[in-house]
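Only one structure is covered here, and it is reproduced in the block below.
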Amino acid sequence: MFNLFILQALNGIQFGILLFLVAAGLTLIFGIMDLINLAHGVLYMVGAYFVAMFTAMTGDFFLGLAIALPAALLFGILLEILIFRRLYERDHLDQVLATFGLILILNEGVKMIWGAAPMSVQIPAILSGSVPLIGFVQYPIFRIAIIVAGLATALGLYVLVNHTRTGMLLRAGATDGPMVSALGVDIKRLFMLVFGLGAMLAGFAGAMVAPILSVEPGMGDSILILTFVVIVIGGVGSVRGAFVAAILVGLVDTLGRTFGPILLRSAMDASAAGQAGRTLAPMLIYILMAVVLFLRPSGLFPARAAAV
Amino acid sequence: MTLAASDTKDDAAEPAIENRRGFGIVSREGAAVAATILFAALALLPLLASAIDDPFLIVTATRIMVFALAALALDLVLGFGAMVSFGHAAFLGIGAYSVAILSSHGVEDILVQTLVALGTASLFALITGAISLRTSGVYFIMITLAFGQMAYFFMISLSAYGGDDGMTLWNRSTVLGSDVLESDLVLFYVVLAALVLAFFALRAVVGSRFGRVLRGTRDNATRMRAIGFSPYSYQLTAYVMSGAIAALAGVFLANQTEFVSPAYMNWQRSGELIVMVVIGGMGTLVGPIAGAIALLLAEEWLANLWEHYKLVLGVLIVCLALFTRGGIAGAARRLFRGGRHGG
């Protein structure tokens, strides 16, 4: 039981790390541009497709990843120039509509280019297999690599946001965009950069799950909703909040699905517990969100306490 | 002097937001006339269907009217309350599942099923609305979306009632023991009657004191608070009413398709409902009905033309959002007024 717990906790952290990578860009876009981007999940999907395509072309996962990341960045910047740039000044409803339309376009576009059938990517040879953790507990190396890469990215983001000039502008932009612009900063370029960065982070998350999940149209939709839950819990615009909330949501979701039925079994008979557990477990994170909102309507770490 | 003063007052009375919402787009009387013509045309549709010998026309029209009813419900919160609910498909699903689940336990009367559907949807709306309305703006959109998905995943994992596969209805609901709804024509007129009733009921609601407070909150919540109203309870009441009407649409949807699945509650369905309301012109009540007709007909038509029709639909929606503020009704209005208020 303890071994299972360790395994599932690691899975939960790994899931949380992925959620963080998608949520980090999205929360910055929300916080700085005040833009609700429903199409952020599609960027995650596009990242996965890019890595699948480039890995197939080069025959090497790392080379594929090295091409996929700048490609995701450029794709994000292209979308910013074509569509998102026109949405910053609009109200949220226009943003919801335009990005909803974009989801339809990209999901269908992916289907046209790569077909509706799921694609798979081989786990690279160095990262395949598993390592013993404690006693008999084995854990796949690739999932550990995801956790390490995600933590490294989180650290990089932390340094970028808190200890660089660009990060200072980002934080200033999240607090008061017009003032930053008035002080002579090219806010348009800053916005484009944030958007491209967010697209690349989401694409990175997509690229890293490509070997362990199937790459298929619509794969970004479910992660988008979870990302929203993460952002709502963490507080819009807060990268730190997104990190804490992402790990929390990853753990609660993964552990809830495994241990929910087991815990319920002590209270009722086995089949009813299994049924109730399977039904309730997917709802746990939404209940968590509702509780957090009830206690703190602007999330755990509100970036703009006064604004929301 | 007085002239100038009244000019500024006029400008203030029509804030930017009014360009896309409210009776500014279509006058109250104009909306009622347009709706009456629309309803009369729909009532005569079966004659056309029998004249060209196309019974499928009635089935399609019934389906469109079901979604028109749901879009009408959404307009109450979206158009009159400025609450962008991205989870309205959940209410549609609650209505549909009320029929399917009760019917699988032998309760087939539509009145009982509708009561249960309205009760469940109201309760769901009351709980989720009470939490969602503590926030606003982006938060509200994300939270309603999340609650909608919660309902969706709940039904997917509820394997006792079909889970992911959905449930087939062995027969349609009965009305006081009679199976008149088995006839597509009867169902058509029942749904039409519900749509007409809902339209005029909502028109009365929107015109009432309650509706004026709701519209006032939409235009300027701070002012409403300043003059002593507490918008929260008004918004929550509107949210619950809207959810209940959408659930009624779900009851009809289950009867029309004789099949219920979690796909009805998918978030893309919620998105489509928003598109319907916005295409037609939000805050007009007749707009969402026209929008539902336009979107579903366009979908049907495009789907026949090209396998990847969703791409075209997506492009249309993006253009709609980027270039036509206020949907078709808003574009038409700017055309007539020549951009007097700067569009």
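The values are calculated or read from the model by the stated rules, or taken from the named source; none is laboratory data. Not measured: the values here are computed from a predicted model. Cβ sites come from the backbone with ideal geometry, for glycine too, and all protein chains shown count toward neighbours. For accessibility, only protein heavy atoms count, side chains too; no ligands or nucleic acids. Shrake-Rupley method; radii C 1.70, N 1.55, O 1.52, S 1.80 Å.
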Top mean-square fluctuation among B:T135, B:T174, B:T217, Gaussian network model of chain B, C-alpha springs under 10 Å? B:T135
Area of A:R86 that stays accessible when all protein chains are in place (1.4 Å probe, Å², to 10): 120 Å²
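Average partner chain C-beta neighbours within 10 Å, per residue of B:311-324?
For peptide B:311-324, the averaged partner shielding equals 6.
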Order of B:199-209, A:98-108 by packing, highest average Cβ count within 10 Å first? A:98-108, B:199-209
Computed, not fitted: 222 nm per-residue ellipticity of chain A from DSSP H runs ≥ 4 (each -39500 (n - 2.57)), nearest 500, equal to -25500 deg cm²/dmol
Per residue of A:288-298, how many C-beta atoms from partner chains lie within 10 Å of its own C-beta, taken as a mean? 3
Cα-derived Rg over Rh, computed across segment B:233-279 with Rh taken as Kirkwood radius: 1.03
Across 5 Å bins from the origin, how do the percents of Cα pairs in segment A:48-88 run, short distances first? 6, 26, 23, 14, 12, 10, 6, 3, 0
Does anyone have the angle between helix A:40-58 and the longest principal axis of chain A? Alpha-carbon axes, 0 to 90°, nearest 10? 80 degrees
Just to verify a number: FRET efficiency for A:L151 and A:M112, C-beta to C-beta distance, R0 = 45 Å, to 0.05? 0.80
B:D109 versus A:A56, label points 7 Å from Cα toward the beta carbon: distance in nm? 5.9 nm
Length gain on complete extension for the stretch B:F56 to B:N220, per 0.36 nm per residue less the alpha carbon to alpha carbon distance? 54.4 nm
Relative intensity, log₁₀ I(q)/I(0), of segment A:1-145 from a Debye sum that treats every alpha carbon as a point, q = 0.19 Å⁻¹: -1.19
Show that you can apply the helix-only estimate: for chain B, add -39,500 (n - 2.57) for every DSSP H stretch of four or more residues, divide by all residues, and state [θ] at 222 nm to the nearest 500. -24000 deg cm²/dmol
How far apart, in nm, are the 7 Å Cα→Cβ label points at A:L160 and A:R86? 2.8 nm
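Sort A:R257, A:R189, A:R90 by accessible area with a 1.4 Å probe, largest first.
Descending accessible area places them as A:R189, A:R257, A:R90.
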Helix B:309-323 versus the longest principal axis of chain B: what angle, 0 to 90°, nearest 10, using Cα atoms? 20 degrees
Dividing the alpha-carbon radius of gyration of segment B:25-266 by 2.2 N^0.38 Å (N being the number of residues), what value is obtained? 1.05
I want to check the label-to-label distance for A:A172 and A:R296. Put each point 7 Å from Cα in the C-beta direction and report it in nm to one decimal. 2.8 nm
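With r as the distance between the Cβ atoms of B:C319 and B:I227 and R0 = 35 Å, compute the FRET efficiency 1/(1 + (r/R0)^6) and round to 0.05.
0.30
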Please report the antiparallel percentage of the DSSP beta bridges confined to the protein assembly as shown, to the nearest 5. 90 percent
Between helix A:284-295 and chain A, what is the angle of the helix's C-alpha long axis to the longest principal axis, kept within 0 to 90° and rounded to the nearest 10? 50 degrees
Expressed in angstrom and rounded, the centroid-to-centroid distance over alpha carbons for segment A:179-219 and segment A:221-248 is 15 Å
How do B:I52, B:I101, A:I126 rank by accessible surface area computed with a 1.4 Å probe, from largest to smallest? A:I126, B:I52, B:I101
Would you mind giving the average projected area, over all directions, of the Cα convex hull of chain A in nm² with one decimal? 17.6 nm²
B:Y264, A:Y158, B:Y309, A:Y286, ranked by accessible area, largest first (probe 1.4 Å): A:Y158, B:Y309, B:Y264, A:Y286
In range of the label at A:S271: residues from segment B:143-172 whose backbone nitrogen is under 17 Å from the point 7 Å along Cα→Cβ: B:158-163
Between segment B:60-125 and segment B:225-293, what is the C-alpha centre distance in whole Å? 8 Å
At 1.4 Å probe radius, can you tell me the per residue accessible area of segment B:126-222 in Å²? 41 Å²
How large is the direction-averaged shadow of the alpha-carbon convex hull of segment A:218-308, in nm²? 6.8 nm²
Expressed in square angstrom to the nearest 10, the accessible area of B:V196 with a 1.4 Å probe stands at 40 Å²
Working note, the protein assembly as shown: Cα radius of gyration (Å, one decimal) and Dmax (Å, whole number) are 25.5, 89
To the nearest 10 square angstrom, what accessible area does A:H163 show with a 1.4 Å probe? 130 Å²
